[in-house]
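These notes are about the structure you will find just below.
Readers should treat all values here as calculations from the given coordinates under stated rules, not as data from a laboratory. As the structure is a prediction and not an experimental result, all values here were calculated from the model. Reconstructed Cβ throughout: ideal geometry from the backbone, glycine too, with neighbour counts over all protein chains shown.
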Amino acid sequence: MKVWSVAACLGCLAFVCRVDAQTLPSEPISIGGGRVVVSGDVSGTIGTADPGFFNFTDYDHSALRLMRVDVSATVNAGDHFAVLGEVRAENLDELSPYALFLRVKPWTAHDITIQLGRVPPTFGAFARRTYPADNPLIGYPLAYQYLTSLRPDSLPATADDLLRRRGLGWLDRFTIGNQTFEHGVPLVSAFHWDTGVQMHAATENNIVNGTVAVTAGTLSNPLFHDDNNGLQYAARMEFRPVAGLILGASGARGPFVSAGAAAAAVGEGHDREFTQTAWGADVEYSRHYMLLRFETIVSEWRLPVVSEPAIAVPLRAVSTSVEGRYKLAPGLYVAARLDHLGFNDLHGTTTTAPWDAPVTRAEAGIGFSIQRNLLLKVSHQYNTRDGGPLKRVEPQTAAQLVFWF
Amino acid sequence: MILGCVALVSAVSFVCVPQGTQAARPGTIRGRVELRRPTSPMERRPGVADLGSPAPRDVPNLLRSVVYLESAPRGAFETEEGGHAIMDQRNETFVPHVLAITTGTTVDFPNSDRFYHNVFSLSKTRRFDLGRYAAGGSRAVRFDRPGIARVFCDIHSHMNAFILVFSHPFFGVTDDDGRYHIDDVPPGTYNVIAWHEGTSSDPKAASVPDGGIAELDFTIR
């Protein structure tokens, strides 16, 4: 599998390079007069060790020690239809279909789009700009990357069970459901996309636009094949009153716990009751050389109540992220992000504490464009975690080289 | 390499033209540039992460070429201060796509779209970043070094344009049929080059008669 994946990745790169006169391409490859357009992002990141697993992702890799290759393509079939897809390999160990969907534009005169398949996330702002070239820093916002101790397929029986796993979301298991060790889930997965149907509409001047979606998984656990009998409903509204200002609000709700785990906990037929519900608000403001972003997400999970001391539901997590970028000179910028992820208190037999260990991250860095599509980033992170058995304070430094076309 | 050649030749080369004739009248070099293989416009990157369809945009005019003297007459570099030129940003396209100017010219970059653009260039000829500004806003850049500046938008990666900066005034931009003319050329023999979308032709010699016309056609690609 690994050999095949590596070969496929290299094949993709070789193909796009050959098309562009045996040099690395600097712009998307267009075939058939624009009917097929292929682009790519390649990034290599090296960073210091992460013994506290602050940067571990639900792709089972550290975001600061990562070789990532994305190849995206669109096949346009007239004014109304297009097929879009993206394959991704991380550390060249497996090639994954990240996105594959049909885009339908029923009326050319109206800005209404329907997308079917493995579609981009409706919820939030950051999830659609996770590409290294779009992220001014190297790390990701905690809400989209940091692994909580919750799993959809493995459930704690008591509050004590959950409290014992604080800060251990990178490798986790509970007593009900799947007993193998796996990673937990973030509030919103930036590394997997969900499967379903999505409709987007905008006013003529795009001052207001909105998107609704029905998909198989949840924000924390996007899926290709649903693992329970319920669908997720998500919506997002954007308001752009003036150029440079974007105000966004999002909501999503769907059954989170897998049918197998729910049945093991409370019997058959209850899996739709154990949901993830999330609300988000985001603001982006840019002007001249400055770009500011703010995003907050509140997520609630309802888990089965099995034994005493019972898990008081909902379990709530709140993330807040503030990010800024300023261009100092042509091709040179500085950026910083301050991020906090907190959890509500849970009462155990002997202790009351947040159900997972709160995490704070400060990251600052610079980016330098060696050429237009070759970017070097260096950043420094300072992570702190209030609880859990692993390392609680962790400074990390990383460098990333990003090439895109 | 190709981009740099304009800077080199136009900065250091000149040709001695006959000075003895008192009434030497300038002539014209004219002709046509044939493009064997039309260039395709730079496509948008596949918007896999976009929730909606991309809005229609204008397609840049890629038919224009620039023809210039590789070796300019003595005294050609003593040009007066450059003026103003405009490169508009309209419906996600730079207009014109190719702009030829002399050194000292200030280029205005108005934004005619209702959303932000961010014009920048990382070219050695002129490195600049104008930041984000909205409709009705404009920023200006003065070009003091000969060469080619590749211009992009930091927000819309498919937007691109060329600005060719010459240290002499002997150049012409073709029309949509490929026709060009370079006027007021002192009589003499010159090497002439045609340039199109980053590709230069081999130099061709043109002899400009006293007050006359030299015909010179090119084929590129």
To test your reading of the geometry: what angle, between 0 and 90 degrees and rounded to tens, separates the Cα axis of helix A:2-19 from the longest principal axis of chain A? 30 degrees
Compare A:195, A:175, A:384 in a GNM of chain A, Cα atoms joined below 10 Å, and give the one with the largest fluctuation. A:175
If you take all C-alpha pairs in the stretch A:272-405, what percent of them are over 18 Å apart? 68 percent
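Where does the longest stretch of chain A lie that holds no GluC sites (Glu not before Pro) found in a DSSP loop with 13 or fewer other Cβ atoms within 10 Å?
A:1-203
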Taking the stretch A:22-100, which trypsin sites (Lys or Arg not before Pro) meet the DSSP loop condition and have no more than 15 other C-beta atoms within 10 Å? A:35
What are the ³J(HN,Hα) values, in whole Hz, obtained from phi via the Karplus relation 6.51 cos²θ - 1.76 cosθ + 1.60 with θ = phi - 60°, for each residue of the stretch A:345-350 in sequence order, with x given for Gly and Pro? 6, 10, 9, x, 5, 10
Considering all projection directions equally, how large on average is the shadow of the alpha-carbon convex hull of the stretch B:121-221, in square nanometres? 8.6 nm²
In the stretch B:123-201, what trypsin sites (Lys or Arg not before Pro) fall in a loop by DSSP, with at most 15 other Cβ atoms inside 10 Å? B:124
For residue A:256, other-chain or 5+-apart residues with amide H closer than 5 Å (H placed, Pro excluded) are A:274, A:275, A:276
So, how do all the Cα-to-Cα distances of chain A break down into 20 Å bins, in percent, from 0 on up? 26, 59, 15, 0
Whole-percent pair-distance distribution, where bins are 10 Å wide, for the alpha carbons of the stretch A:118-256: 12, 34, 33, 15, 5, 0
Phi-based couplings in Hz for the stretch A:257-272 (Karplus 6.51, -1.76, 1.60; Gly and Pro marked x): 7, 5, 4, x, 5, 5, 5, 5, 7, 10, x, 5, x, 10, 5, 6
Semi-axes of the equivalent ellipsoid for the stretch A:329-394, Cα gyration tensor, largest first, Å: 38, 10, 8
How far, in degrees from 0 to 90, does helix B:2-12 lean away from the longest principal axis of the Cα atoms of chain B, to the nearest 10? 40 degrees
If amide hydrogens are placed 1.01 Å from N in the peptide plane, which non-local residues have theirs closer than 5 Å to the one on residue B:160? B:94
Distances longer than 20 Å among the Cα atoms of the stretch A:40-182: what percent of all pairs is that? 61 percent
The stretch A:313-405: relative contact order as a whole-number percent, Cα under 8 Å and 6+ apart: 21 percent
If R₀ is 56 angstrom, what is the calculated FRET efficiency for the pair residue A:179 and residue A:294, using the beta carbon separation as r and rounding to 0.05? 0.85
Express in whole angstrom the spacing between the alpha-carbon centres of the stretch B:81-154 and the stretch A:229-248. 33 Å
Where Rh is the Kirkwood radius over the Cα pairs of the stretch B:47-158, the temperature 4 °C and the viscosity 1.567 mPa s, what D in µm²/s does Stokes-Einstein return? 83 µm²/s
Go through the stretch A:291-301 residue by residue and turn each phi into a ³J(HN,Hα) via Karplus (6.51, -1.76, 1.60, θ = phi - 60°); whole Hz please, and just put x for glycine and proline. 9, 10, 9, 9, 8, 10, 9, 10, 10, 10, 10
Name the residues whose placed amide hydrogens come within less than 5 Å of the amide hydrogen of residue B:132, ignoring near sequence neighbours (fewer than 5 apart) on the same chain. A:288, A:289, A:290
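Computed over the Cα atoms of chain B, what is the convex hull's projected area averaged over all directions, in nm²?
Numbers: hull surface 51.5 nm².
Spelled out: convex hull of the Cα atoms, projected over all directions, averaged, 12.9 nm².
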If I take R0 = 56 Å and measure r between the Cβ atoms of residue A:322 and residue B:40 in this structure, what FRET efficiency does the formula 1/(1 + (r/R0)^6) give, to the nearest 0.05? 0.85
